[in-house]
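What follows is a single structure, written as structure tokens, with notes after it.
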Amino acid sequence: MSEQRSYNLPIDALKTFLEKQKYIYEDIDFTRYSRKGSYKLALKWRNAHTLMDKNVEEGLFVEIECRAYPDFVYHSFALQLVYKKHVNIIFQVEVYPDFKLSHREKGGVEIYGSHTHNLYNTEKINNMNYNSDTWYDWLKYFCNATNITIQGRHYEPIISDGLGL
């Protein structure tokens with residue numbers, strides 16, 4: 001829940017990756033993965049490359065993750081840059097229900113529900129609703145915030161099959 005973000009590039013350099021228009025031509029095709037945790041199913045997609053200014057930007061990628069827990073589904077949409085083997089999370093949307101404590105700052109500030117990480121800044125998302133906005137709405141929110149256009153097919157991950165969710 002609480003993690004200290006670290007970067008091995010200047011923040012201003014990372015901001016340029018957020019501001020420029022980016023294109024992804026791949027399909028979003030989720031695969032199952034396992035990781036320690038209390039969830040019943042986890043799916044992840046990570047694109048191979050992201051085009052920026054008509055060039056492939058080495059190390060820049062989008063990662064989308066979905067985890068089904070017994071009482072809710074978590075979604076994460078992240079724009080990241082790998083530089084010298086370090087993952088710099090430039091922008092991330094984390095989708096949680098409003099009842100769930102989802103982030104805690106070192107100073108004791110707590111956030112319940114969905115929020116964004118924009119480099120060192122973390123903010124609650126107030127203009128979206130976990131219960132009524134769809135996965136596609138959250139993907140659109142993320143793409144608008146990061147200036148990403150996805151040209152490939154993208155289907156909502158199927159995470160409720162046989163899980164009782």
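Every number in this text was worked out from the coordinates using simple rules, so none of it is lab data. What you see is a predicted model, and the numbers here were worked out from it, not measured in a lab. In this analysis, Cβ positions are derived from the backbone assuming ideal geometry, glycine residues included, and neighbour counts consider all displayed protein chains.
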* Structure fact -> Sparse-neighbourhood loop hits (chymotrypsin sites (Phe, Trp or Tyr not before Pro), the range 100-143; DSSP loop; Cβ within 10 Å at most 10 others) -> Y120
* Structure fact -> With Rh as the Kirkwood radius over Cα pairs, the range 56-146 has Rg/Rh of 0.98
* Structure fact -> Karplus ³J(HN,Hα) for the range 108-114 (6.51 cos²θ - 1.76 cosθ + 1.60, θ = phi - 60°; Hz, whole; x = Gly/Pro) runs x, 5, 10, 10, 9, x, 6
* Note down the magnitude of the dipole of the range 82-137 about its Cα centre, charges +1 on Lys and Arg C-beta and -1 on Asp and Glu C-beta and zero elsewhere, to the nearest 20 debye. => 400
* **Proximal aspartates and glutamates relative to K44, as straight alpha-carbon distance under 15 Å, when same-chain residues fewer than 8 apart are discounted** => E26, D27, D29, E63, E65, E94, E156
* Looking at the range 72-165, which trypsin sites (Lys or Arg not before Pro) are DSSP coil and have at most 11 other C-beta atoms within 10 Å of their C-beta? -> K84, K85, K106, R153
* Structure fact -> Expected unfolding gain across Q21-K84 under the 0.36 nm per residue rule, minus the alpha-carbon gap, is 20.3 nm
* To the nearest 20 debye, what charge dipole does the range 11-150 have about its Cα centre, counting +1 at the Cβ of each Lys and Arg and -1 at the Cβ of each Asp and Glu? -> 480
